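A short write-up of the structure that comes next.
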Amino acid sequence: MDIISRAEWGARPPESRSTVPWSKRTVFMGHYSAASATQTPRQIQDFHMRVRNWSDIGYNFLINSVSGLIYEGRGWTTVGAHCAGHNTEAIGVCIIGKDQKGRQDVSDAARRAFKWLYEEANDRKGKRLTLLGHRDRGSTECPGDEIYSWLKAGLPIVGSPTPRPSPKPSAGTKPAPGTPVAFPLPAGWYFGPASGPDYSVSGKHERYFRGRTDRAWLKDWATQLGRRGWSVGKGRRWLGGAGNDGIYGSEYRALILAFQDDQGLREDGLLGVNTWNAAFRNPVS
Ligand SMILES: [Zn+2]
């Protein structure tokens, strides 16, 4: 599944923001908008910024209750404004729609999207977040009875499940070559463009992680792809221009996307823990 970025939905920039490390994230909290499912993230953002006078849209993510489309709000590690007193530990996800008695308002697609986002958060955190509804921590009906009872039941999905990508060993596969190397960046960080946030590590600034430079680590990962049979390096199919120099740019992005496609991983062109581990752990087919 994909997350529709702020740029894609035309978000206004935040007036200010503060970040929270993954170590302080412990809760994944469900909300609902209690208004029409036709409301757009931009309309919600305008309401939060102009009427509530908040610095940005209050939620970390939003999901349309009908289409199941997922929208980036403040994102994973920016403190939200969705549950007073609990915005540091809780990632707030709003399901856009209302709760009408006697009918299912949240589609199977939206439920799958919510569950996918929850699992994504757990992957990034490295352990399971506590699943709560807003009413567990505030005096409110939110997120409505339908969503609340679903949360409390552990997010069961009745319709056909969305398969989560996993390596499928089959005939003719070989174990991953070389020695596994643990992901060197903090939880939630990734190798990505220099234009990204602080936790997007590009190699441009030669930052140190676990005693070595970011460039050395990124080179290690691309070298591992070489061991897996990928044509990597100057003059070769991948990283052919600048070579394996450990500085994230369009060539690394293309290689990461191709590897993510090959492995059935989420294709974002960013080298996070899942894409890192796949190179060192997944069998080669
Ligand atoms: Zn709420």
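Looking only at region 107-141, filter to residues that are in contact with a helix residue (DSSP H, G or I) (Cβ under 6 Å, 6 or more places away or on another chain) and open to solvent by less than 10 Å² (accessible area, probe 1.4 Å); which one of those is farthest from the ligand (Cβ to nearest atom)? In this case the residue turns out to be L129. The single condition from (1) farther than 22 Å from E141 by Cα; (2) more than 16 Å from the ligand (Cβ to nearest atom) that R74 fails is (2).
Selection of first residues in region 198-223 that are surrounded by 15 or more Cβ atoms within 10 Å (Cβ to Cβ) and of second residues that are assigned to a helix (DSSP H, G or I) and among the small types (G, A, S), restricted to Cβ pairs under 8 Å at least 6 apart or on distinct chains, gives the following pairs, ordered by first then second residue: W221/A279. Just wondering, is there one or more residues in region 64-76 that are of a type in the set (G, A, S), in the same structural domain as D145 (by TED's automatic domain parsing), surrounded by fewer than 18 Cβ atoms within 10 Å (Cβ to Cβ) and in contact with a helix residue (DSSP H, G or I) (Cβ under 7 Å, 6 or more places away or on another chain)? Yes, some residue in region 64-76 is of a type in the set (G, A, S), in the same structural domain as D145 (by TED's automatic domain parsing), surrounded by fewer than 18 Cβ atoms within 10 Å (Cβ to Cβ) and in contact with a helix residue (DSSP H, G or I) (Cβ under 7 Å, 6 or more places away or on another chain). Restricting K174, K152, K168 to those that are open to solvent by 40 Å² or more (accessible area, probe 1.4 Å) and either within 16 Å of the ligand (Cβ to nearest atom) or modelled with pLDDT of 90 or more (or both) reduces the list to K152. When you scan region 2-21, do you find a residue that is touching a Cys at 6+ places or on another chain (Cβ under 7 Å) and free of Cβ contacts under 8 Å to residues at least 60 places away in the same chain, even just one? No; the residues of region 2-21 include none that is touching a Cys at 6+ places or on another chain (Cβ under 7 Å) and free of Cβ contacts under 8 Å to residues at least 60 places away in the same chain. A residue that is modelled with pLDDT of 90 or more, loosely packed, with under 15 Cβ neighbours inside 10 Å and not in a loop (DSSP other than H, G, I, E, B) cannot be found anywhere in region 236-246. Looking across region 14-46, the residues that are more than 20 Å from the chain's Cα centre (by Cα) and more than 16 Å from I95 (Cα to Cα) come down to E15, S16, D46.
The values are calculated or read from the model by the stated rules, or taken from the named source; none is laboratory data. Quick caveat, the model's predicted, so the values are computed rather than measured. Because the Cβ atoms are built from the backbone with ideal geometry, glycine has one as well, and the counts that use them run over all protein chains shown. Just the protein is used for accessible areas: all its heavy atoms, side chains included, with ligands, DNA and RNA removed. Shrake-Rupley method; radii C 1.70, N 1.55, O 1.52, S 1.80 Å.
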